[in-house]
Amino acid sequence: MPVPAHRKTEDEHWLSGTQSQAAPDAPPLESGRPRCPAALSPAAKKSFRALCRLLASRRALTAGDQEILRLYAVISDRHQRAIEHLAKEGEIVERMVLDSSGQPHPRFVTNEWLKIAQDCEGRMRGLLADLGLNPMARPKVKPTKSEAEAAITFH
């Protein structure tokens with residue numbers, strides 16, 4: 001199996017009189033803190049702010065992340081409510097169903113809150129991956145400008 005070639009530095013290109021064929025690196029994004037939407041529930045606001053703190057500590061938070069963070073906060077709140085119902089009612093619940101003659105009979109069925117919780121878990125996992133908060137997506141997230149770099153940038 002062939003080994004990929006070593007990427008030359010700018011100095012190596014200058015010494016050999018060549019130009020790089022690699023795509024230029026994208027400039028780092030401006031860091032920023034998105035506004036927490038007022039319409040969120042208190043639990044959703046807590047989730048929104050916790051994710052903001054986590055992303056800011058990783059230098060991966062921008063003002064443009066507001067909508068994806070809002071979606072995560074809403075889904076996280078819905079998931080928490082579904083989990084609370086499941087804790088009270090259980091995953092399998094007894095429902096009364098009518099047979100063909102109209103007589104009620106007990107039947108054990110899957111709690112509807114379980115489907116909601118599972119759906120929320122899948123969506124939360126996808127949003128966390130989009131934000132770079134899983135091991136596979138982490139290397140794809142480019143850090144934002146540090147405060148020192150942002151101070152040097154002229155607008």
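Just so you know, all these numbers are worked out from the coordinates, no wet-lab data involved. What you see is a predicted model, and the numbers here were worked out from it, not measured in a lab. Reconstructed Cβ throughout: ideal geometry from the backbone, glycine too, with neighbour counts over all protein chains shown.
So how far apart, in nm, are the two label points at Ala22 and Leu86 if each is 7 Å from Cα heading toward Cβ?
4.5 nm
Based solely on C-alpha atoms, express the radius of gyration and the Dmax of the chain in angstrom.
Computed over the Cα atoms of the chain, radius of gyration and Dmax are 25.1, 91 Å.
Just subtract the alpha-carbon distance of Arg125 and Ala50 from 0.36 nm times their residue separation and send over the number in nm, one decimal. Mind dumping the intermediate values first?
Details: separation 75, 0.36 × 75 = 27.00 nm, distance 1.60 nm.
Length gained, Arg125 through Ala50: 25.4 nm.
Can you sort Asp77, Asp119 from fewest to most other Cβ atoms within 10 Å of each residue's own Cβ?
Numbers: Asp77 20, Asp119 14.
Starting with the residue having the fewest Cβ neighbours, the order is Asp119, Asp77.
Counting only residues 5 or more places away or on other chains, whose amide H sits under 5 Å from the amide H of Arg59 once H atoms are built in the peptide plane?
For Arg59, whose amide H was placed from the backbone, there are no distant partners under 5 Å.
Roughly how tilted is helix 112-130, in degrees to the nearest 10 and between 0 and 90, from the longest Cα axis of the chain?
Around 0 degrees separate the two axes.
How far, in degrees from 0 to 90, does helix 42-57 lean away from the longest principal axis of the Cα atoms of the chain, to the nearest 10?
Compared with the principal axis, the helix lies near 20 degrees.
Quick one: order Ile75, Ile92 by neighbouring beta-carbon count within 10 Å, fewest to most. Don't jump to the answer; show the numbers that get you there.
On the way: Ile75 20, Ile92 10.
Ranked by crowding around the Cβ, least crowded first: Ile92, Ile75.
If we count other beta carbons within 10 Å of each Cβ, what is the order of Arg59, Arg95, fewest first?
Details: Arg59 16, Arg95 11.
Taking fewest neighbouring Cβ atoms as first place, the list is Arg95, Arg59.
If you take the beta carbon distance between Arg138 and Val109 as r and set R0 to 41 Å, what does 1/(1 + (r/R0)^6) give as a FRET efficiency, to the nearest 0.05?
Working: r = 40 Å, r/R0 = 0.98.
Efficiency, rounded to the nearest 0.05: 0.55.
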